[in-house]
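These notes concern the structure reproduced below.
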Amino acid sequence: MTRIAVLPGDGIGPEVIAEGLKVLRAALGPEASRWEFVEAPIGWAAIDQCGSALPEQTLAICKGSDAMFFGAVGLPARDATLPPAQRPETAALLGLRKGLFANLRPAILYPEFADLSVLRADIVANGVDVLIVRELTGGLYYGQPKGRTAADGGERAVDTMVYTTGEIERIARVAFEAARTRRHKLCSVDKANILATSQLWREVVTRLGRDYPDVALSHMYVDSCAMQLLRNPGDFDVIVTENTFGDILSDEASMLVGSLGMLPSACLGDGSLPAFYEPIHGTAPDIAGQGKANPLAAILTAAMLLRYSFHREREATAIEEAVKGVLRSGARTGDILQPGGRLVETGEMGDLVARAVEDWYVRNDRTL
Ligand code: IPM
Ligand code: MG
């Protein structure tokens with residue numbers, strides 16, 4: 001039995017995860033009966049039920065799973081009522097990501113959907129296919145010391161950006177290996193003109209690059225990268241960068257593709273822990289429960305889960321092709337609606353993709 005921990009969370013989390021599961025089941029077909037999907041509360045859903053954002057039972061389910069499928073947590077209006085360490089984003093999300101140092105965030109815009117991009121048609125005419133490899137367990141997010149103290153009649157706040165050679169090497173290796181399976185280009189993004197962590201980063205990545213003579217390695221400052229992503233997005237293949245830079249650049253990359261609601265992600269470790277799969281978007285409480293959320297990020301996240309945790313390339317492709325087919329048909333959630341598009345609700349989008357997956361298998365034998 002394959003066991004998936006299902007963690008819908010808050011806001012639009014439950015509605016997009018429901019569609020992701022619908023499509024995941026369709027991709028598995030009859031085999032879905034041998035997969036166990038164990039749902040567990042997390043975030044505010046868990047605080048309200050059990051008193052903490054990541055309850056012991058939820059953690060136990062996650063540890064006993066083969067992979068985790070996560071929606072989103074945190075409700076800004078309520079988060080502020082808790083001390084920072086107990087808030088869902090810190091206690092639940094950062095807790096579960098521990099050990100999963102490689103965050104893969106692909107942003108793909110096929111030329112035929114160039115109108116989805118917020119960029120001018122001529123800039124994305126050849127499409128975009130960039131994989132952001134974000135370091136996920138170091139840098140400012142986890143570095144110590146961190147916190148606030150009284151100082152000079154006010155307060156003093158500190159976050160620590162810290163990286164070791166080993167941490168940089170292991171994420172760079174993931175990125176070089178990924179580049180090898182793609183267009184053999186790797187851009188390492190840092191702020192080496194100012195930051196000591198970035199100077200070490202650049203040295204380590206450069207040194208490692210000698211092991212990958214077939215990969216064209218370049219380096220870019222993060223501010224320049226933010227600009228180049230808008231100026232010439234088609235130029236990028238794989239980007240590797242530290243935690244905070246990756247957080248920011250991946251939100252930017254989502255606009256190349258049209259919406260935050262389109263970008264999936266996978267958080268992978270060294271294989272000793274179950275991997276964690278999440279759409280890159282948040283809880284969007286303003287549209288929660290109204291059928292307005294775009295479930296495609298969660299659906300594409302399900303494809304990543306099949307590919308990276310279970311090597312089910314065929315099923316992953318079925319989902320990705322189905323999403324393409326549905327977009328081609330003109331169906332759009334509000335965030336990617338264009339003149340001439342047909343507005344559909346969250347559940348209908350999921351139904352359409354699930355049906356398109358079935359159709360894909362009619363054309364491409366399921367038993368192969
Ligand atoms: C993301 C999010 C998270 C992050 C937040 C919710 C803590 O922005 O996954 O990109 O900063 O990693
Ligand atoms: Mg983010």
For Glu36, only one of the following conditions fails: (1) charged (D, E, K, R); (2) part of a helix (DSSP H, G or I); (3) farther than 25 Å from Val257 by Cβ. What is its number?
(2)
Flagged pairs (Cβ under 8 angstrom, 6 or more apart or on separate chains; first in the stretch 81-97, outside the structural domain of Ala46 (by TED's automatic domain parsing) and of a type in the set (D, E, K, R); second in a helix (DSSP H, G or I) and within 16 Å of ligand 2 (Cβ to nearest atom)) are none
Screening Ser254, Ser250 for residues that are touching a helix residue (DSSP H, G or I) at 6+ places or on another chain (Cβ under 9 Å) and surrounded by fewer than 24 Cβ atoms within 10 Å (Cβ to Cβ) leaves only Ser254
Being out of contact with any Phe, Trp or Tyr (no Cβ under 8 Å at 6 or more places or on another chain) and away from ligand 1 (no atom under 11 Å from the Cβ) is the filter here, so list the residues in the stretch 254-269 that pass it.
Met255, Leu256, Val257, Ser259, Gly261, Met262
Filter the strands (runs of 3 or more DSSP E) completely within the stretch 66-169 down to those with at least 2 residues that are closer than 26 Å to His311 by Cβ.
67-72, 102-109, 128-135
Ala318: passes all of (1) more than 19 Å from Gly9 (Cβ to Cβ); (2) surrounded by fewer than 24 Cβ atoms within 10 Å (Cβ to Cβ) but (2)
Kindly check whether there is at least one residue in the stretch 257-267 that is more than 15 Å from ligand 2 (Cβ to nearest atom) and in contact with a helix residue (DSSP H, G or I) (Cβ under 6 Å, 6 or more places away or on another chain).
yes
Answer from Arg25, Arg3, Arg34 - the residue that is basic (Lys, Arg) and over 22 Å from the mean Cα position of the chain (by Cα):
Arg34
Going by the structure shown, is Ala288 surrounded by 15 or more Cβ atoms within 10 Å (Cβ to Cβ) and within 16 Å of ligand 2 (Cβ to nearest atom)?
no
Filter result for Arg105 (within 16 Å of ligand 1 (Cβ to nearest atom), among the charged types (D, E, K, R), buried (at least 24 other Cβ atoms within 10 Å of the Cβ) and under 21 Å from the mean Cα position of the chain (by Cα))
yes
Would you check if there is a residue in the stretch 165-173 being loosely packed, with under 11 Cβ neighbours inside 10 Å and over 17 Å from Ile239 (Cβ atoms)?
yes
In the stretch 325-348, what count of residues is obtained for those that are in a helix (DSSP H, G or I) and either buried (at least 16 other Cβ atoms within 10 Å of the Cβ) or acidic (Asp, Glu) (or both)?
8
Condition test on Pro88, is it buried (at least 21 other Cβ atoms within 10 Å of the Cβ) and within 21 Å of the chain's Cα centre (by Cα)?
yes
Which condition number does Asp351 fail, the rest of (1) assigned to a helix (DSSP H, G or I); (2) acidic (Asp, Glu); (3) free of Cβ contacts under 8 Å to residues at least 12 places away in the same chain being met?
(3)
Failed condition for Thr283, given (1) surrounded by 23 or more Cβ atoms within 10 Å (Cβ to Cβ); (2) of a type in the set (S, T, N, Q); (3) assigned to a helix (DSSP H, G or I), with all others met?
(3)
Please count how many residues of the stretch 272-298 are charged (D, E, K, R), within 16 Å of Leu136 (Cβ to Cβ) and more than 16 Å from ligand 1 (Cβ to nearest atom).
0
Are there any pairs with C-beta distances below 7 angstrom linking a residue in the stretch 243-261 that is β-branched (Val, Ile, Thr) to a residue that is within 11 Å of ligand 2 (Cβ to nearest atom), with the two at least 6 apart or on different chains, and if so which?
Val257/Leu263
Is it true that some residue in the stretch 137-144 is within 16 Å of ligand 2 (Cβ to nearest atom), among the small types (Gly, Ala, Ser), under 30 Å from Arg342 (Cβ atoms) and within 20 Å of the chain's Cα centre (by Cα)?
no
Looking only at residues in the stretch 226-237 that are in contact with a helix residue (DSSP H, G or I) (Cβ under 9 Å, 6 or more places away or on another chain) and under 13 Å from Val128 (Cβ atoms), which one is farthest from ligand 1 (Cβ to nearest atom)?
Asp235
Looking at the stretch 301-313, I want the residues that are farther than 17 Å from Asn103 by Cα and have a partner that is part of a helix (DSSP H, G or I) and at pLDDT 95 or above with Cβ atoms under 7 Å, at least 6 apart or on another chain. Which pairs are those?
Arg312/Leu306; Glu313/Arg307
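The values are calculated or read from the model by the stated rules, or taken from the named source; none is laboratory data. Being a predicted model, the structure only gives us computed values, none of them experimental. Reconstructed Cβ throughout: ideal geometry from the backbone, glycine too, with neighbour counts over all protein chains shown.
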